[in-house]
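The values are calculated or read from the model by the stated rules, or taken from the named source; none is laboratory data. These figures come from a predicted structure and were not determined experimentally. Glycine also receives a Cβ, built like all others from the backbone with ideal geometry; neighbour counts cover every protein chain displayed.
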Amino acid sequence: MRKAILLSKRTSASVVHAPGPYTIRIQGQTHHRIGSLIPRQGCLPEYLQLYIFDTANELKNRLNAMGQTSAEGNLDEPTLALLIEMIDENNCLAKIFRRARDHYESVGSEFTIRLVQDKGKGKEYDLPTTSEVAGLIVGDITSTIGQRDIVVQFQSDTLQQIRDDHPLYMSLQYPLLFPYGEYGFHPEIPLHLETGTSRTRQFVTIRQYYASLIQTRPNQGMTLIKGGRLLHQFIVDVYTAIEEDRLRWARNNQEILKFELYSNRFILPPSFTGGPRYLVEKYHDAMAIL
C-alpha cells in the first residue's frame, strides 16, 4: 500500500547496493511532507491522491506508482487488491479519504481535509473513529482548525511539512504497520509510574513511547515486529524523530545551557549522544578509568 506522505531523505548508495543483509541508512535532515488531495492537470496521482483521484483505475495507478515490480519480481495484483480492501474496511484515515473521493465525484466542489492534532485526553488506548482524527471541510476553515492540525489543501504545488510528533504521522507514513490509522505518540501522553516512585516529568517522552511500542508481547499482535524491511525503515525513522526531539529541546532551552557564555552560539549539551561535549565527556571518563 502506498503511504499517504512523502519521506524526503538522502540515501547512501554504498549501503543500499552493498552485499549482505538489507540495510537502510539516511544522512542529513529528514522531512515529512504531505501534498494536495488532487493532482495538478496532466500529473499522475501519488501518495494520498491514490485514495481520491481516478479510483476506478486505482490498482493500476498504485502499481505504476510503485514501479510495477520489486527486487523479488512482479507485484502480486490480487494481494494488492486484498490490501486495499483491508485498509478501506479498517483504517479510519482511509475512510475519510474515501469520503473525500465520494464528495469529489458527486459534487465536484473544492474541499480540504483537517487531520486533528488532539482528539481529547483520557482515551489513549481506544481505536479512533473517523470523526475524531479527521474531518472533510467545505468552505471557510479558519475558525475550525487547531494550532497544530494538518490541513490538506484541495490542489496545490507546494508540500506541507508534518512534525514528527504529530499523533497521526506514523499511521500516514506506514499504513501496513498501523492498519487501523490509530493515534501514535504525542507530547501529552500521561506518565504513569508505580506507587511510591518519584517522577521527574509529567508526560511520556518520545523515546519511552517507541521503546515500549517495539517490545514483543505474547498476548498482543505483532504486525509491527514482523514488518520485515518496512520495520527497518520504521526504526530508522523513529530514531531520527527522537534525535529531532532532542535537538528541539536544545534549541528551545539555550538559556538553560548558558549559550551567552559562548558568544550566543547554538550549544548541544553533554547529554546529546554524539555531540562534541558528549564525546569530550566520554573521553575524560575513559582516561580516568585508565
Notebook entry, point to check: What number of residues within the range 83-101 satisfy the criterion of being surrounded by 17 or more Cβ atoms within 10 Å (Cβ to Cβ) and among the polar types (S, T, N, Q)?
Noted result: 1
Check: Would you say Tyr104 is exposed (fewer than 13 other Cβ atoms within 10 Å of the Cβ), at pLDDT below 85 and among the aromatic types (Phe, Trp, Tyr)?
Finding: no
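Could we say that Lys119 is of a type outside the set (Phe, Trp, Tyr), in contact with a helix residue (DSSP H, G or I) (Cβ under 7 Å, 6 or more places away or on another chain) and modelled with pLDDT under 80 here?
Values: of a type outside the set (Phe, Trp, Tyr): yes; in contact with a helix residue (DSSP H, G or I) (Cβ under 7 Å, 6 or more places away or on another chain): yes; modelled with pLDDT under 80: yes.
It is true that Lys119 is of a type outside the set (Phe, Trp, Tyr), in contact with a helix residue (DSSP H, G or I) (Cβ under 7 Å, 6 or more places away or on another chain) and modelled with pLDDT under 80.
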Item checked: helices (runs of 4 or more DSSP H) within the range 122-218 that include 1 or more residues modelled with pLDDT under 70 -> 130-133
